[in-house]
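Okay, structure first, notes after.
The values are calculated or read from the model by the stated rules, or taken from the named source; none is laboratory data. The shown structure was predicted, so the numbers you read here are calculated from the model rather than taken from an experiment. Every residue, glycine as well, gets a Cβ built from its backbone with ideal geometry; the counts of neighbours run over all protein chains shown.
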Amino acid sequence: MKKPLIISLTCLSCAVFIAGTPFTPDYLFGLAKTHTLVSDKTGFLKRLLTTFPASDSSRVAREHLVALLVGSNRFDEALLEYRTSHPIAMNATEILDFKLFDYLLKTGHFAEVLRQTETATLSGRFSRDLRVMELRIQAYLAQGEFARARVQAEGWLTYYQKDGQAGSLYEADVKNVSYLIRHLKTLERIDGAQGKPLFTASVTDSLNRWSRRHDVPITFFKLIPARSGGQRPEAMLPGRYEVDRFFKAQVAELNQGFDYLSSGRFSLSYQGQETLYIRSGDLDPSVEGGRILTARVYVHTLPQLYRRAGEGFAVLVDYRERAEDQAAYMGDGIIHISAKKLQSLILMHEILHGLGATHQDWNFLERQGYRFDPEDRGLMTFEDGVIKYLGLEAKNRAVLDWPPVAVVKLTDTPLNIAQTPAAEPAETLLASVPH
Ligand SMILES: [Zn+2]
């Protein structure tokens, strides 16, 4: 029997409170739910786990603890806790734990993702195999293994090509994978079978360490459809026919915002603007069935962006009509944003993603009765789908190492950044637990 650990409590009043009350799992759950500090919550849940390791409550407590750790960017600890309660399935071809794979990707365990999914690539289950293939490609790209990534996608396509006939349920997905292969081949052409590691937004990013740097380079690229004629409303969109002055002013505004948010620890330096012409299939808006990974890989293949990937921010301003609500971080400092969304606070949100910040999302835990500090909000917090506060959440300040600043309520029209899947992959939300 292990000796129960004594968890030191972070606030003295709790310690006094506990001293006179008998412990039960429910009592500790109650404390974890009502105390608003995340560190208090994790402390109570850990105490529950060490005091009542065999109780029915311990499974739930661990699930909540993992959710708290993930929700506060503590992925390494979350992975450790998660593994304690989810031993690796014996028959990996049957049971796949996508939540585990997500944590492994976020913590840089790429080889393990590949090992654990090795025998599960072509099972005959279309959607599952597609997901596995995309996971493996992300793990390969994060190791710079372009040829292996391409072979993976080709294997999938050979197997599932038959399901992609016109009009079939899977037509868009199959087409998308053929685009993905095209993009992976481009990467090989640019840099060979093995090139520089690429991070595709669901993966730990190389930019996290930039949050305390000044003059991080930022370049703008206008995305214009590569077809002749028919330039209609684009003329009205911000910046379409503008040159440096417009974008320089944007960066000045961003710097003003970041100067406040980071207490002078982070700033950007404008490096210019260029125009890029793109073909259909290269960066399809998600509304047209575009898959996130395909779009993320595509943006890395633009030679101008490939060179800069991981060395600065590149903002792709999309002037195509159908790109309406796009605002997404694509990994390696690359941001895709529709011209209509080209506003400082939205750009700041996406840049914060690039620095390692994540959405404030306690939905799952709130549904279980957990209360959180109502003042702890900022540019990474959505309220009814919109961003209403200029500030930075405690968990993101911890990642970025920025001191606390007062949260300013945005009085103008609240920011409506479409919470597209591209902005936040669904697998990071802890809505369900695999069995
Ligand atoms: Zn976001």
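Brief remarks follow.
- Positions within the stretch 382-407 being within 10 Å of residue 357 (Cβ to Cβ) and without any contact (Cβ under 8 Å) to a residue 60 or more places away in the chain, in sequence order: 393, 397
- Scanning the stretch 148-168 for residues that are acidic (Asp, Glu) and closer than 15 Å to residue 126 by Cβ gives a single hit, 163.
- Residue match in the stretch 334-342 (condition: in a loop (DSSP other than H, G, I, E, B) and either away from the ligand (no atom under 12 Å from the Cβ) or at pLDDT below 90 (or both)): yes
- Some residue of the stretch 393-415 being of a type in the set (A, V, I, L, M, F, W, C), within 14 Å of the ligand (Cβ to nearest atom) and at pLDDT below 90: yes
- Entry remark, the stretch 290-322: residues being more than 29 Å from residue 132 (Cβ to Cβ) and either within 16 Å of the ligand (Cβ to nearest atom) or touching a residue at least 24 places away in the same chain (Cβ under 8 Å) (or both) number 14 in total.
- Residue identified as under 24 Å from the mean Cα position of the chain (by Cα) and part of a helix (DSSP H, G or I) among 151, 113: 113
- Residue list for the stretch 305-330, filter: part of a strand (DSSP E or B) and either at pLDDT below 90 or not small (Gly, Ala, Ser) (or both): 313, 315, 316, 317, 318, 327, 328, 329, 330
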